[in-house]
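One structure below.
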Amino acid sequence: MDNTFNGFDSSSIKGPMPGEVLREARRARDLSMQYIANQLRLGIDIIEALENDDYKNLPVAAFVQGYIRNYAALLGLNADPLITQYVLRSEEHTSELQSH
């Protein structure tokens, strides 16, 4: 499987995971996970999974991307880099699983 997405090589991805960025931004604004869950109309288990980058316990990628986009918007963040990071890392994980 090709490890590129929009011209980026996922094997050289650096930077924080999307969940880490969301968690730190939430904490910096002194917001609770319950508040975020209520605002996004999601279960707190989904917010926890997003913040822990625990994507195996979340629905398909299209939903996860929407969750990330909405969460970022709520916090006033640009969602595009977070979604790109999520897609690249999930593609990298998928290619690792397929190679075993």
Discussion item. Could you go through the stretch 62-79 and let me know if any residue there is β-branched (Val, Ile, Thr) and open to solvent by 90 Å² or more (accessible area, probe 1.4 Å).
Written reply: no
Fill in: Which numbered condition residue 51 fails, given (1) open to solvent by 50 Å² or more (accessible area, probe 1.4 Å); (2) touching an Asp or Glu at 6+ places or on another chain (Cβ under 9 Å)
(1)
Worksheet item: For the subset of the stretch 32-46 comprising residues that are free of Cβ contacts under 8 Å to residues at least 24 places away in the same chain and not small (Gly, Ala, Ser), which member is least open to solvent (accessible area, probe 1.4 Å)?
Response: 46
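The values are calculated or read from the model by the stated rules, or taken from the named source; none is laboratory data. In this text, all values refer to a predicted model and were calculated from it rather than measured experimentally. Cβ coordinates were reconstructed from backbone atoms using ideal geometry, including for glycine residues, and neighbour counts include every protein chain displayed. In case anyone asks, the SASA skips ligands and DNA or RNA and just uses the protein heavy atoms, side chains included. Shrake-Rupley method; radii C 1.70, N 1.55, O 1.52, S 1.80 Å.
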